[in-house]
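Reviewing the structure listed below.
The values are calculated or read from the model by the stated rules, or taken from the named source; none is laboratory data. Everything numeric in this text was worked out from a predicted model, so none of it was measured. Here Cβ is always computed from backbone atoms with ideal geometry, including for glycine, and neighbour counts include all displayed protein chains.
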Amino acid sequence: MGEPANQPGFQSPEQYPKTGGLVWVFLIMTVIAGWMMSRSWHASILDRYEFRQLQTALSIFWTVKDGFRLEYLTPLFGPPWSIPMEFPTYQWCVAAIVRLGLMEVEPAGRMVSILFYAATLPASYGLLGLVKLAPSRRLLVLAVILSTPVYLFYTRAVMIETTALCFSVWYLFAFSRTLTTGKSSWLIGTCLFALLAALTKITTFAVYAVPAAVIAVCALRHNLKATKERLDYRSAGRSALISALPVCLALGLTWWWIGFGDAIKHSNPYTGFLASTELGNWNYGTWALRLDPSFWLHLWQNITQNLLSEGALVLGVVAFTFARPNARRMSLVCLAGFFTGPLVFANLYHVHDYYFSANALLLTGAVGLLLASAWDNPRLTIPSRWTMIVLVLLLQYRAFDSGYHYYYWKAAPAPPDLATIMRETIPPDGVVLISGDDWNPLLPYYSQRRAVMVVGGRDHEPAVLDDVLTRLPPQRITAMVLVGEKLRHQTSLINERTKRFGLSPQPFASSAEADLYLPASDILSAAAHFHYRQFTNARVLVSPDSKLPMSPVVSQDWQEHDITGFSPGPRMSRSQFGVNPETVDDLPAILAHAPSELYFQPARDAHTFSAIVGLAPSAYANPLPSASDGVIVEIFEQQTSGLRRSLLRRSLTPATVDSDRGPHKLTYENNLPFTGMLVFTISPGPANNLAYDQAYWAQIEIR
């Protein structure tokens, strides 16, 4: 990439004026980038592409727990508990920090990711020497790179992206130094960085093949000039060997690693789909995808929203006309390398925006290079130079603000409460069987328990599940989770599995998405453990038989009463203010001011019920505080074992939520016949304020 240093219209490098302002631009951008990457440091990793972050974090957690091994654990599918994808360079670095007791998994993962990104900058600085940029101009390029939205966001993620990027850029720099100096130490470094880059993430390493090839060609061209256009075969052969050796070593070892991982994946019937032989279309995409206009539109959207704004691109084109010829050529090489990624791995880049972490440096680096080179063109006035730089950086922030910034000010979801319940009920050496969630690591990671996940909807292939489970020690399945409404209501599947594994036929805990089943022998102790514990997004469905607290207590016997619309009628009630038959919302009803309980004895084979519940219109006729602040409606099954099992729970706040006004129909279907009395309860809202809590029941039918 060399050329005469003293070009017409440009100053030679030794004549460059010292520009402290550009150094300050770099320092300011470094502070801003560091500050932005450190936001929400202790938030969960459930912000964006949490599936990938969770999978990485899960491998780190089990590396910390069980030690460093090539077949590192990602225990989602049963023995051998391993699905080696990329070489665990990043995972081992994070695990080492966690094992030292310095940090937990997630902050350590963020810190390592940021450190690898920071370590990329010195190599980028060194590569800019290929176009004879002065130090302050090189720092300007780095400032533009630091403004890249995709780095400002994903550098703080628990992902391998910046690790692979760092090794790839250092490979490129070491390779250029090897060709320049001929020193064996640089060649060794080149081989080492190539190996680490390819093993960590081959798709990132491949992006830098184009710049490496250009560097090699330039070295050959320089050799031809030095020998007066006559090829020195010995020198050319040495350059070819230096160029090929690191790549061949990297590809050879990566090929071995892929084979090693595929052999492990094929050893489990649930993991064969993750072998490299099965992922060709997923990784590379089809020719039809590359020819689809929507592919290019989506690529453009990713570039302008996540990498380089439209305005910054325009300013880059303007700077191109003022830049040195060698800077223009280098920028075109960077563009060629940038497009290598989405053209070769079309589907990966089409689906995942974080894949642009591999090549975004080449695009924003190209624009920074053009701006830095144009800085010394005397045709540009000093105000116009500063205007271009300031505009580019402001436009980059605007792009970040319109996209990724949303995930900074929006609170990331908290870890699921169901995982907390699992962690506190499943023994550390236990295994949970999970169906309906494919291979989502969410519950296994936050519960810190090994899992056998039935992938791809294969719940009705019992022979495959048996093949996996026979590799486990007896009685190792100590819990089951069913995800999704379809599976949660498959009575035959639930009955078969609960009998097989000795689980209670009714779920112990539930969330909006899933039900947790525990061994019948553990229910009593688990219920006592969680008694009075409240969760935000999950419920423990079983508790010791504890009646609603109320004082005084009004007990009423209803066995002699024939209440219209109730089948069967209530046996008894407990309340603080008494319960009475009334007509509410034009329905024959029982007015049951909170706190209150109605007891029903279902028929022997009854397994469903329906009911209407609501608050009397007078309870919310006036605005707060002269109205009910809401009630909690909950129906329990009072079992002979001394436990209460929650069947249905609903909050009503009609004073503030219009849809909670009027009567509401509740329905429930049990997998098995009810075994005890049903208790229909009304309790005050979270503030425990009883004022105006005039609730009612109507048309309760148990059958």
**OP:** Please go through the stretch 545-554 and pick out each residue that is in a loop (DSSP other than H, G, I, E, B) and closer than 11 Å to Pro595 by Cβ.
**Re:** Lys547, Leu548, Pro549, Met550, Ser551, Val553
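Residue-by-condition table, conditions (1) at pLDDT below 95; (2) not in a strand (DSSP E or B):
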{"residue": "Phe636", "(1), (2)": "yes, no"}
{"residue": "Leu647", "(1), (2)": "yes, no"}
{"residue": "Tyr668", "(1), (2)": "yes, no"}
{"residue": "Phe674", "(1), (2)": "yes, yes"}
{"residue": "Leu678", "(1), (2)": "no, no"}
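Looking at the stretch 177-226 only, could you name the residues that are assigned to a loop (DSSP other than H, G, I, E, B) and within 38 Å of the chain's Cα centre (by Cα)?
So the first thing to find is which residues in the stretch 177-226 are assigned to a loop (DSSP other than H, G, I, E, B), and the list is 182-183, 201, 208.
Correct list: Lys201, Tyr208.
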**OP:** Among what's in the stretch 424-441 and is surrounded by fewer than 21 Cβ atoms within 10 Å (Cβ to Cβ) and in contact (Cβ under 8 Å) with a residue 40 or more places away in the chain, pick the residue that is farthest from Arg539 (Cα to Cα).
**Re:** Asp429
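Would you confirm whether any residue within the stretch 514-522 is surrounded by 13 or more Cβ atoms within 10 Å (Cβ to Cβ) and in a loop (DSSP other than H, G, I, E, B)? Can you show your working first?
If we filter the stretch 514-522 for residues that are surrounded by 13 or more Cβ atoms within 10 Å (Cβ to Cβ), which is where we start, we get 514-520, 522.
Now drop any that are not in a loop (DSSP other than H, G, I, E, B), which leaves 518.
There is at least one residue in the stretch 514-522 that is surrounded by 13 or more Cβ atoms within 10 Å (Cβ to Cβ) and in a loop (DSSP other than H, G, I, E, B).
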Original post:
If you check every pair at least six apart or on different chains, which have Cβ atoms under 9 Å apart with a residue in the stretch 495-511 that is under 20 Å from Leu643 (Cα atoms) and at pLDDT below 95 first and a residue that is β-branched (Val, Ile, Thr) and in a loop (DSSP other than H, G, I, E, B) second?
Top reply: none
Original post:
Exactly one of (1) assigned by TED's automatic domain parsing to the domain that holds Leu443; (2) over 27 Å from the mean Cα position of the chain (by Cα) is unmet by Asp562. Its number?
Top reply: (1)
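Would you be able to say whether some residue in the stretch 182-197 is over 22 Å from Pro84 (Cβ atoms) and touching a residue at least 60 places away in the same chain (Cβ under 8 Å)? It would help to see each step written out before you state the result.
Taking the stretch 182-197 first, the residues over 22 Å from Pro84 (Cβ atoms) are 182-191.
From the residues that got through so far, the ones that are touching a residue at least 60 places away in the same chain (Cβ under 8 Å) too are none.
No, the stretch 182-197 has no match at all.
Yes/no matrix, rows are residues, columns are (1) in contact with a helix residue (DSSP H, G or I) (Cβ under 6 Å, 6 or more places away or on another chain); (2) touching a residue at least 24 places away in the same chain (Cβ under 8 Å); (3) among the β-branched types (Val, Ile, Thr):
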site	(1), (2), (3)
Thr63	yes, yes, yes
Tyr72	yes, no, no
Trp81	no, yes, no
Val94	yes, yes, yes
**OP:** State whether one or more residues within the stretch 21-33 are modelled with pLDDT under 95, surrounded by fewer than 20 Cβ atoms within 10 Å (Cβ to Cβ), in the same structural domain as Ile389 (by TED's automatic domain parsing) and outside any helix (DSSP H, G or I).
**Re:** no
**OP:** Give the number of residues within the stretch 680-697 that are surrounded by fewer than 24 Cβ atoms within 10 Å (Cβ to Cβ) and of a type in the set (A, V, I, L, M).
**Re:** 3
**OP:** Assess whether Leu192 counts as being modelled with pLDDT of 95 or more, among the aliphatic types (A, V, I, L, M) and over 28 Å from Ala323 (Cβ atoms).
**Re:** yes
Subject >> Members of the stretch 322-353 found to be farther than 22 Å from Ala213 by Cα and free of Cβ contacts under 8 Å to residues at least 40 places away in the same chain, listed by number >> reply: Val351
Original post:
If a residue has to be aromatic (Phe, Trp, Tyr), under 34 Å from the mean Cα position of the chain (by Cα), crowded, with 20+ Cβ neighbours inside 10 Å and assigned to a helix (DSSP H, G or I) to count, how many in the stretch 313-353 make the cut?
Top reply: 2
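Do the conditions hold for Arg458, that is, is it part of a helix (DSSP H, G or I), touching a residue at least 12 places away in the same chain (Cβ under 8 Å) and either over 21 Å from Val64 (Cα atoms) or among the basic types (Lys, Arg) (or both)? Before the answer, list the steps.
Working: part of a helix (DSSP H, G or I): no; touching a residue at least 12 places away in the same chain (Cβ under 8 Å): yes; either over 21 Å from Val64 (Cα atoms) or among the basic types (Lys, Arg) (or both): yes.
No, not satisfied.
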**OP:** Identify, from the list Gly272, Gly252, the residue that is free of Cβ contacts under 8 Å to residues at least 24 places away in the same chain and in contact with a His (Cβ under 6 Å, 6 or more places away or on another chain).
**Re:** Gly272
Original post:
Among the residues of the stretch 568-585, which ones are of a type in the set (A, V, I, L, M), over 11 Å from Ser596 (Cβ atoms) and modelled with pLDDT of 90 or more?
Top reply: Met572
Original post:
Just one of Ala589, Ala627 is in contact with a strand residue (DSSP E or B) (Cβ under 7 Å, 6 or more places away or on another chain) and either closer than 21 Å to Ser551 by Cα or in the same structural domain as Pro686 (by TED's automatic domain parsing) (or both); which is it?
Top reply: Ala589
Subject >> Residues located in the stretch 245-301, provided they are closer than 30 Å to Ser184 by Cα and either among the hydroxyl-bearing types (Ser, Thr, Tyr) or within 26 Å of the chain's Cα centre (by Cα) (or both) >> reply: Thr254, Trp257, Ile258
Original post:
Applying the selection to the stretch 82-97, what residues are of a type in the set (A, V, I, L, M, F, W, C) and buried (at least 22 other Cβ atoms within 10 Å of the Cβ)?
Top reply: Ile83, Phe87, Val94, Ala95
Original post:
How many residues, within the stretch 659-691, are farther than 13 Å from Glu634 by Cα and in contact with a His (Cβ under 9 Å, 6 or more places away or on another chain)?
Top reply: 7
Original post:
What are the residues in the stretch 259-274 that are outside any loop (DSSP other than H, G, I, E, B) and not aliphatic (A, V, I, L, M), if any?
Top reply: Gly259, Phe260, Gly261, Asp262, Lys265, Gly272, Phe273
Subject >> Residues of the stretch 555-610 classified as among the basic types (Lys, Arg), assigned to a strand (DSSP E or B) and surrounded by fewer than 18 Cβ atoms within 10 Å (Cβ to Cβ), total >> reply: 0
Original post:
When residues of the stretch 275-299 are filtered for being β-branched (Val, Ile, Thr) and not in a helix (DSSP H, G or I), how many remain?
Top reply: 1
**OP:** Kindly indicate the residue of the stretch 101-142 that is among the aliphatic types (A, V, I, L, M), modelled with pLDDT of 95 or more and over 24 Å from Val214 (Cα atoms) and also nearest to the chain's Cα centre (by Cα) among those meeting that condition.
**Re:** Val105
Original post:
Which of the residues belonging to the stretch 462-484 are loosely packed, with under 14 Cβ neighbours inside 10 Å and either in a strand (DSSP E or B) or acidic (Asp, Glu) (or both)?
Top reply: Asp466
